Amino acid sequence: MKIVLNSIKVIGLILLSLVCNIIPMYLLQYQNKLSLPAKWGLGLVYIVLIILVIYFLWQAHKKHDSAEVATQKMTAKDIGIALLFFLVARVVAITGTLINQILSGQSTTTNDAALQSLTAFFKNGFFLYTLLYVILVGIVGPIIEEMAYRAFPNHLWFKNSHKVLAGIITTLLFAFPHATTLFEFVLYACIGAILYLAYARRGNIKDSMLVHILNNLPTALYFLFIALK
C-alpha cells in the first residue's frame with residue numbers, strides 16, 4: 001500500500017513539474033488576448049507559485065537527506081566536477097543531435113524545437129513573460145525537474161539505496177516526457193543518466209541541479225539574446 005501511495009506522490013510531482021513548465025508557454029502564446037492588468041496579475045501569480053513550489057519541495061526534500069548530505073558544502077572541487085559532467089552532457093547532446101539529423105532529417109529534437117518555437121512570441125510581447133520563460137528554461141525548470149525526477153523518486157521508492165536500479169528507473173522517467181521518438185528517448189536517457197551520476201556521486205541533489213542548469217543555460221542565454229535583439 002505504501003509503495004502505491006509513494007508512486008502516486010511521484011506521479012503527482014512529475015505532473016506538477018510539467019504544469020510549472022507549461023504555464024509560461026501558455027502565457028507567451030495567449031499574451032495578446034490579455035489586458036495589461038491581467039498580464040501583470042498572471043505573471044505575479046506564477047512567480048509566487050514557483051517560489052512556493054520550490055520552497056515546499058525543498059523543505060520536504062531536506063527531511064529525507066542524511067545528516068552527512070545536509071552538512072555538505074559546494075566546494076570549488078564540486079563545481080569543477082559539475083563542469084566535467086556538463087561537458088560530457090554537451091558532447092552527448094551534440095553527438096545525439098547530429099545522429100538524429102542523419103536519421104530523421106531534423107536539425108534538433110522535437111523538445112528543443114518546441115522550446116525554440118516559442119521565441120516567435122518574444123517580438124512585441126510582454127517582456128515579463130519572455131523573462132519568465134528564459135528563467136524557466138535556464139534555472140527554474142532544472143531545479144524542479146531534479147527534485148521531481150530524481151530526488152523524490154529516490155527517496156520514496158528506493159530510500160536512498162539500490163543506486164543502480166534507482167538510476168535506471170529515474171533516468172527512464174526523465175526521458176519519457178522529453179522524447180517523441182525512440183532515438184530521442186535514448187538521447188534524453190543518456191543525458192538523464194549523466195544527471196543521475198552527478199546526483200549519486202555525493203547523494204546531493206544540488207550537484208545534479210547545477211549540472212542541469214549549466215546544460216540549459218546556453219539555450220536560455222540564446223533565448224535572452226533573441227529577446228533583446
Checklist outcome for this item: Being surrounded by fewer than 21 Cβ atoms within 10 Å (Cβ to Cβ), over 19 Å from the mean Cα position of the chain (by Cα) and not β-branched (Val, Ile, Thr) narrows 87, 131, 98 down to just 98
Checklist entry - residue 50: under 19 Å from the mean Cα position of the chain (by Cα), assigned to a helix (DSSP H, G or I) and surrounded by 17 or more Cβ atoms within 10 Å (Cβ to Cβ), yes or no? => result yes
Checklist entry - So which residues in region 174-225 are touching a Phe, Trp or Tyr at 6+ places or on another chain (Cβ under 8 Å) and exposed (fewer than 15 other Cβ atoms within 10 Å of the Cβ), if there are any at all? => result 176
Checklist entry - Considering only helices (runs of 4 or more DSSP H) fully contained in region 125-229, which possess at least 3 residues that are within 19 Å of residue 86 (Cβ to Cβ)? => result 141-146, 163-175, 182-202, 205-228
Next on the checklist: Need pairs with beta-carbon distance below 7 Å; first residue within 15 Å of residue 5 (Cβ to Cβ) and within region 150-165, second part of a loop (DSSP other than H, G, I, E, B); sequence gap 6+ or separate chains.
Outcome noted: 155/64
Checklist entry - Limited to region 128-165, what total is found for residues that are within 28 Å of residue 44 (Cα to Cα) and not hydrophobic (A, V, I, L, M, F, W, C)? => result 9
Next on the checklist: Test of understanding: among 12, 41, which residue is at pLDDT 95 or above, under 22 Å from the mean Cα position of the chain (by Cα) and either under 20 Å from residue 142 (Cβ atoms) or surrounded by 12 or more Cβ atoms within 10 Å (Cβ to Cβ) (or both)?
Outcome noted: 12
Next on the checklist: Just to be sure I understand, how many residues within region 54-90 are outside any helix (DSSP H, G or I) and within 22 Å of residue 152 (Cβ to Cβ)?
Outcome noted: 7
Checklist outcome for this item: Conditions (1) surrounded by 12 or more Cβ atoms within 10 Å (Cβ to Cβ); (2) touching a residue at least 40 places away in the same chain (Cβ under 8 Å); (3) touching a Phe, Trp or Tyr at 6+ places or on another chain (Cβ under 9 Å); (4) of a type outside the set (Lys, Arg) -> residue 3 fails only (1)
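The values are calculated or read from the model by the stated rules, or taken from the named source; none is laboratory data. Remember, predicted model here, so these are calculated numbers, not experimental data. Cβ: placed from backbone, ideal geometry, glycine included. Neighbour counts: every protein chain shown.
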